[in-house]
Amino acid sequence: FRSDLNTGLLHVIYSETCTAAKTTSRYGAIFETHGARFARYRVLEDFIADTLEEFQPDNVSVESPFCSRFHVESFAVLREALLVIRNTVMDYYVHLDFRLVTPTEAKRAVGIAKTKRKRGVKVDNKAVARDAVLALHDVVYHNGIDQFELDEHCIDSIAVAKFEAKRVMDIVY
């Protein structure tokens, strides 16, 4: 993402979800010795390092893991993945600004107020987030990116970028 400080527009120049499980075969020895999770982390590390080299960002913002009593194990795995991301960023450039954005901050940045559950009705939070991001008028998509084809992770990354762009704009102006 690139943020234009003059116009306030957020330019989506690249958006992709790294599906590490599909490429762990490159790390057969790690897979065999340490397990699939660590092979996936190595794939994630390579993906992030390549992306940093290609786009040379001024900062990196990542959605922080959310912990709930129903998903404690997934929170632990997400914390491990966050460590891999942070270490990869530090290996690229130790002084690169690294920020965590809470899921609530990201949602608010795209105009999602707290969604209330109605008794017996489940709220589709992913659909709410998708609709909110696609309704943003200050986001411009480049390089053939079709915003209607983006998966939930790419949608979430735009919400995180929107929060970070607003934070930087508030500092500058």
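The values are calculated or read from the model by the stated rules, or taken from the named source; none is laboratory data. Just so it is clear, the structure is predicted and the values come from calculations on it, not from any experiment. Cβ: placed from backbone, ideal geometry, glycine included. Neighbour counts: every protein chain shown. Only protein heavy atoms, including side chains, enter the accessible area calculation; ligands, DNA and RNA are left aside. Shrake-Rupley method; radii C 1.70, N 1.55, O 1.52, S 1.80 Å.
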Checklist outcome for this item: Counting only protein heavy atoms and rolling a 1.4 Å probe, one gets per residue an accessible area for segment 107-173 in Å² of 71
Next on the checklist: At 1.4 Å probe size, with the rest of the protein present, what percent of the exposed accessible area of segment 32-78 is carbon and sulfur atoms?
Outcome noted: 53
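Determine, from the Cβ-Cβ distance of Lys22 and Tyr173 and an R0 of 35 Å, the FRET efficiency 1/(1 + (r/R0)^6), rounded to the nearest 0.05.
According to the calculation, E is roughly 0.25.
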Checklist entry - Kyte-Doolittle mean at least -1.0 and Cα extent at least 27 Å along the axis: which DSSP H helices of the chain qualify? => result 36-55, 72-92, 152-172
Item to check | Beta bridges by DSSP in the chain, antiparallel share as percent, to the nearest 5 | outcome: 25
Checklist entry - segment 58-173: Rg/Rh from Cα coordinates, Kirkwood Rh? => result 0.99
Checklist entry - In a shell of Cβ-Cβ distance under 13 Å around Gly35, excluding Gly35 itself, what net charge do Lys and Arg (+1) and Asp and Glu (-1) give? => result +1
